[in-house]
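Below is one structure, written out as structure tokens; comments come after it.
The values are calculated or read from the model by the stated rules, or taken from the named source; none is laboratory data. Note that the structure is predicted; figures quoted are calculated from it, not measured. Positions of Cβ are backbone-derived with ideal geometry, glycine not excepted, and every protein chain shown enters the neighbour counts.
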Amino acid sequence: MTAVAVKGLRVDLSGRGVDVVDCVDFTIDAGEVLGLVGESGSGKTTVGVTLLGDARRGAAIVGGSVVVDGQEVVGLRPDRLAKLRGSTVAYVPQDPSMALNPALRLRRQLDELFEFHRPELPDAARDERIRTTLREVGLGSGDQEEDDAFLARFPHQLSGGQQQRVTLAMAFVLRPRVIVLDEPTTGLDVTTQARVLSTVRDLCATHRVAALYVTHDMAVVSNLAHRILVMYAGRIVEAGTSAQIFDAATHPYTRALLAAVPLVSQRRELTAIPGDTPLPGSRPSGCAFHPRCPDAVAECATTTPDPVQVSPGHVVRCLRATRLGPARTAPRAVEPRAVRQNDVVLRVADLDAFHGRRQVLHDVSLALAARECLALVGESGCGKTTLARSIIGLHHRHSGGITFRGGEMATRARDRPPELRRAVQYVFQSPYNSLNPRRSIGEILREPLAVLSPVPAGKGRAGRTRAAVSEVLERVSLSPTVAARYPDQLSGGERQRVAIARALVCRPEVLICDEVTSALDVSVQASIVRLLRRLQDEEGLALLFVTHNLALVRTVADRVIAMRAGRLVEGGPVDDVLDHPGDPFTRALIAATPEFGAAPPGVPSAPTSREDRT
Amino acid sequence: MTLDRRPSSATGRLWLLRRVVFGMAVVLLGSVLVFAATQVLPGDPARAVLGHEATPERVAALRTELGLDRPLVAQYLAWLGGVLTGEPGHSLVTREPVGGLIGDRAVNSAVLVLVSAAVVVPLSVFVGAVAGRRRDRPFDRAVLVVTLGLTALPEFIIALLLVILLSTSVFPLLPGTVLLAPGQNPFGEPAQLVLPVTALVLGVLPYLARLVRGSVIDVYESEYVRTARLKGVPENVVLRRHVLRNALVPAVQGTALALAYLTGGVVVVEQVFNYPGLGSALVDAVNNRDFPVIQLICLVFAACYVAFNLLGDAMTVYVTPRLRTAGR
């Protein structure tokens, strides 16, 4: 039975005649999970919220039809729409920490759904339904008193995973026919993500809910979605069953997205997609993907492709769909690099660290050799960021030794000599917060240069500084003209490159990367990972790579140490640890990492070299 | 993840106690400044009392009687001790106890400030919330223009314009001055209060209404308001339950500042309307070099500022769950 039918949907930026999405057609059956995949800016969230009759500020649904559970949503009166939202079609937001009202207790936020959609339901029945739903999303305890205490909490008293479960409970409590999930696991670590995904899968199956799952990460939907839509620049470029997409991806963009995903089972060369997603209003003519496409021919720039059916149920919007054929080349597996272990640059010995009176790190020791990439993995809250901050000198409540090339480092960064501060640099998690928005990229890059490795005074000093800035921008594959711009004029990936450039500009020996890709799209993550690998090979950097993503560890790291609740539980060469995990915690982490088919599709090779040259 | 959900009120009480102690320290510091400021005022109080004809001997005798020949520190401590024991000295002019002299006037001023606050706070929240909800529509634009204009006018100009408009030249409807006998209830003739209250309200409304409008707009842009709409919560409930509750947090701070500002604003407005409150008493006392009165009134104002800010902070913590449950 069809629960959702979207036909010819078009959303415009108000009053500008510029489409955000257009020509979108799809259906979802009851009980079916449809994955909607694309990079940031592809219009996937815009499509998602149209199922609720919503468009973000400054945009409007201008054409097509969206039928949800037999009712046309486009052009519906606001009061009728309010009746539909929450009861017939529900929404699970991306960032639960922002999406729950900080001033209202959880009970109120769940209860108000009944208040406006089922006012006739008596209190006892509401209560029963709420507690059942809590149990279904893994929050209920079965004990009424404990549930009541939980419901009396405010959102900030919950962990990120619990908050996301509350938003799931809000979406499922009225048993809607349709549910839209907007990247609900983006901020979560892999174990929590795995639990949330299996909850979604079970709920959709149990209650026959039709789900639209919006994400940028192919791996997330691989075990969840029955069918997948791939979206680019506001158009659906490929649609098919999960098997068709994962085993026989045809559109070059789909192939590129698949090739960007790191796998935990296999060390593979990640392929980035060169360039950025074009924004509405500045999309290329013809096929919007042609400037980034490795298979593009002259015709692609002029002719807008129509959907082509390549096999039953498998539709591709590409001029060369029938000629490209499915998977051509085997995925490029990579051999582990040989690293000499004897040249230790950074050593941490028996470190105990504290937050207030609480001990967060227990007896942590590690050694990092030159040219080596050491991955530090663990769930959020395990203390891995505290360890990284202790090493760089930002967290100083610790005891134990941190030495650089045999010399003890002061606990506070400000007590360290400039030479030491230059040698060990740090890249923060979110490039959206770590760059000063009021300074140009050039100013941001000149500052560490002035403080840590001053250019000698004299004639041509300004010129030499400028040259150093241009050079570091080239090292991170950015154009020197970026120096004149400000952070908000750059995309997330470009910003993270600037953050890396800021760390690199004074030629450090050790780079600490704290979850540097977790705020980025998978395709952008691939390009950052490639960049870090190249810098390591070319400049001999030692990397301490802090992450919760084991698949990334396989691709990036030479050695890995796993941390749980402030203690190291396992360590060794990446392939040994991931193929034969000894500790149950490491095994659980590996099992939780999303993974797709054993036969990944072809990897286009052209973008690789292009990306590195830009 | 384990959380202690029982609010440990001991932490809260400790916080409040610390804030109260700090507040008292600030008032004490204020008393030093007030005392120092009265010392540098030109003119000798003894001479001011006795007039220009007085002989130097009589002036010296009065100085001794008033204790003005003692070291400054001793004078300050004697004064502070007097204030703390409820004996803040006698007026130099009327020779009455200062406490009794300004008691009535403090009540009159408090009435003026509280009535103004009772009008301006709900009015600002209403105007700000409606403007914020109808952002960029005609009502919002009108509010922005009018409040900007009012901000540009000093209070005494607003007060004088009100007198001209409603009391004297244009529509002589309301009394332009306030006549209150000492000890008379200011509510006895409510018509007399209208113009002073209006002047104070118009002085504070622009600031507070714009503050509420700004925070309402911020909250409307938030993800949780979007979530509430996508849950099918009706628009008026979105405003009442989801927006205002969060938007009022900055407004609480703003209200505390506005109350403190009103307390200072009464000086000018009382003078214009000849209202027998603390403000006009202060102006008279400064003219007469009546130091004990000046000192006590200034100290009362300082204490009000500290008290309103303390109240604002405590209210902010109370209405913000994240702060209320912090560190628990």
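Set side by side, the residues B:88, B:97, B:7 differ, and just one is in contact with a Phe, Trp or Tyr (Cβ under 9 Å, 6 or more places away or on another chain) and at pLDDT below 85, which is B:88. Scanning region B:222-247 for residues that are within 7 Å of chain A (Cβ to nearest Cβ), free of Cβ contacts under 8 Å to residues at least 12 places away in the same chain and not charged (D, E, K, R) yields B:227, B:230, B:232, B:233, B:234. Please state which of the following conditions residue A:152 fails to meet, knowing it meets all the rest: (1) at the interface with chain B (Cβ under 10 Å from one of its Cβ atoms); (2) touching a Leu at 6+ places or on another chain (Cβ under 9 Å); (3) surrounded by 20 or more Cβ atoms within 10 Å (Cβ to Cβ). Here residue A:152 meets the rest and fails (3). Regarding region A:180-190, can at least one residue be identified that is away from chain B (no Cβ under 14 Å) and surrounded by 20 or more Cβ atoms within 10 Å (Cβ to Cβ)? So far as region A:180-190 goes, yes, one or more of its residues are away from chain B (no Cβ under 14 Å) and surrounded by 20 or more Cβ atoms within 10 Å (Cβ to Cβ). Just one of (1) under 23 Å from residue A:193 (Cα atoms); (2) in contact with a helix residue (DSSP H, G or I) (Cβ under 8 Å, 6 or more places away or on another chain); (3) at pLDDT below 90 fails for residue A:611. It is (1). Whether any residue in region A:37-45 is surrounded by 23 or more Cβ atoms within 10 Å (Cβ to Cβ), in the same structural domain as residue A:283 (by TED's automatic domain parsing) and among the polar types (S, T, N, Q) is what I want to check. Yes, the conditions are met somewhere in region A:37-45.
Got a number for residues in region B:64-109 being on the phi < 0 side of the Ramachandran plot, of a type in the set (D, E, K, R) and without any contact (Cβ under 8 Å) to a residue 60 or more places away in the chain?
Taking region B:64-109 and keeping what is on the phi < 0 side of the Ramachandran plot, we get B:64-66, B:68-85, B:87-88, B:90-94, B:96-109.
Keeping just the survivors that are of a type in the set (D, E, K, R) gives B:65, B:69-70, B:87, B:96, B:104-105.
Now narrow it down to the ones that are without any contact (Cβ under 8 Å) to a residue 60 or more places away in the chain: B:65, B:69-70, B:87, B:96.
Here the count works out to 5.
On the stretch given as region A:77-93, residues that are facing chain B (nearest Cβ under 7 Å), in contact (Cβ under 8 Å) with a residue 60 or more places away in the chain and either surrounded by fewer than 17 Cβ atoms within 10 Å (Cβ to Cβ) or under 29 Å from the mean Cα position of the chain (by Cα) (or both) total 3. For region A:94-112, check the following and say yes or no: at least one residue is among the aliphatic types (A, V, I, L, M), in contact with a strand residue (DSSP E or B) (Cβ under 9 Å, 6 or more places away or on another chain) and more than 12 Å from chain B (Cβ to nearest Cβ). No, that holds for no residue. Taken across region A:124-132, residues that are away from every other protein chain (no Cβ under 12 Å), part of a loop (DSSP other than H, G, I, E, B) and touching a Phe, Trp or Tyr at 6+ places or on another chain (Cβ under 6 Å) do not occur at all.
Here's the yes/no breakdown for (1) crowded, with 21+ Cβ neighbours inside 10 Å; (2) over 27 Å from residue A:232 (Cβ atoms):
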| site | (1), (2) |
| --- | --- |
| A:490 | no, no |
| A:512 | yes, yes |
| A:520 | yes, no |
| A:524 | yes, no |
| A:527 | yes, no |
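Residues that are in contact with a Lys or Arg (Cβ under 9 Å, 6 or more places away or on another chain) and among the β-branched types (Val, Ile, Thr) within region B:299-328 comprise B:317, B:319, B:325, listed in sequence order.
Summed over region B:277-308, the residues that are assigned to a loop (DSSP other than H, G, I, E, B) and buried (at least 21 other Cβ atoms within 10 Å of the Cβ) give a count of 2. Restricting attention to region A:55-74, and to residues there that are under 18 Å from residue A:11 (Cβ atoms), touching a strand residue (DSSP E or B) at 6+ places or on another chain (Cβ under 8 Å) and part of a loop (DSSP other than H, G, I, E, B), which single residue is modelled with the lowest pLDDT? My answer is A:58. Of everything listed in (1) more than 10 Å from chain A (Cβ to nearest Cβ); (2) surrounded by fewer than 24 Cβ atoms within 10 Å (Cβ to Cβ), the single unmet condition for residue B:209 is (2). Is it the case, given these coordinates, that residue B:188 is more than 14 Å from chain A (Cβ to nearest Cβ) and either crowded, with 18+ Cβ neighbours inside 10 Å or among the hydroxyl-bearing types (Ser, Thr, Tyr) (or both)? Against the criterion (more than 14 Å from chain A (Cβ to nearest Cβ) and either crowded, with 18+ Cβ neighbours inside 10 Å or among the hydroxyl-bearing types (Ser, Thr, Tyr) (or both)), residue B:188 does not qualify. From the list A:379, A:408, A:372, A:335, the one residue that fits, being surrounded by 14 or more Cβ atoms within 10 Å (Cβ to Cβ), among the acidic types (Asp, Glu) and over 14 Å from residue A:566 (Cβ atoms), is A:372.
Exactly one residue out of A:200, A:214, A:230, A:209 is at pLDDT 90 or above and over 21 Å from residue A:520 (Cα atoms): that is A:209. What do you reckon, is residue A:56 within 14 Å of another protein chain (Cβ to nearest Cβ) and in contact with a helix residue (DSSP H, G or I) (Cβ under 8 Å, 6 or more places away or on another chain)? Criteria met by residue A:56. With a requirement of 3 or more residues that are surrounded by 20 or more Cβ atoms within 10 Å (Cβ to Cβ) and more than 19 Å from the chain's Cα centre (by Cα), the helices (runs of 4 or more DSSP H) lying completely within region A:201-302 that satisfy it span A:242-248. Among the residues of region A:133-191, count how many are of a type outside the set (A, V, I, L, M, F, W, C) and either free of Cβ contacts under 8 Å to residues at least 24 places away in the same chain or assigned to a helix (DSSP H, G or I) (or both). The total comes to 23.
Is it the case that region A:61-76 has a residue that's polar (S, T, N, Q), over 29 Å from the mean Cα position of the chain (by Cα) and more than 14 Å from chain B (Cβ to nearest Cβ)?
Yes, region A:61-76 has at least one match.
The single residue among B:41, B:14 that is surrounded by 11 or more Cβ atoms within 10 Å (Cβ to Cβ), closer than 18 Å to residue B:76 by Cβ and modelled with pLDDT under 90 turns out to be B:41.
Taking residue A:581, is it outside the structural domain of residue A:248 (by TED's automatic domain parsing), farther than 20 Å from residue A:222 by Cα, at pLDDT below 90 and in contact with a helix residue (DSSP H, G or I) (Cβ under 7 Å, 6 or more places away or on another chain)? For residue A:581, the condition - outside the structural domain of residue A:248 (by TED's automatic domain parsing), farther than 20 Å from residue A:222 by Cα, at pLDDT below 90 and in contact with a helix residue (DSSP H, G or I) (Cβ under 7 Å, 6 or more places away or on another chain) - is not met. In the set (1) within 13 Å of chain B (Cβ to nearest Cβ); (2) at pLDDT 90 or above; (3) touching a Leu at 6+ places or on another chain (Cβ under 6 Å); (4) over 22 Å from residue B:323 (Cα atoms), residue A:165 fails one condition alone, (2). Criterion first (closer than 30 Å to residue A:167 by Cα, within 14 Å of another protein chain (Cβ to nearest Cβ), in contact (Cβ under 8 Å) with a residue 12 or more places away in the chain and touching a Lys or Arg at 6+ places or on another chain (Cβ under 9 Å)) does residue B:135 satisfy it? Yes. For residue B:148, the stated conditions hold: it is over 16 Å from the mean Cα position of the chain (by Cα), within 13 Å of residue B:208 (Cα to Cα) and either assigned to a helix (DSSP H, G or I) or in contact (Cβ under 8 Å) with a residue 40 or more places away in the chain (or both).
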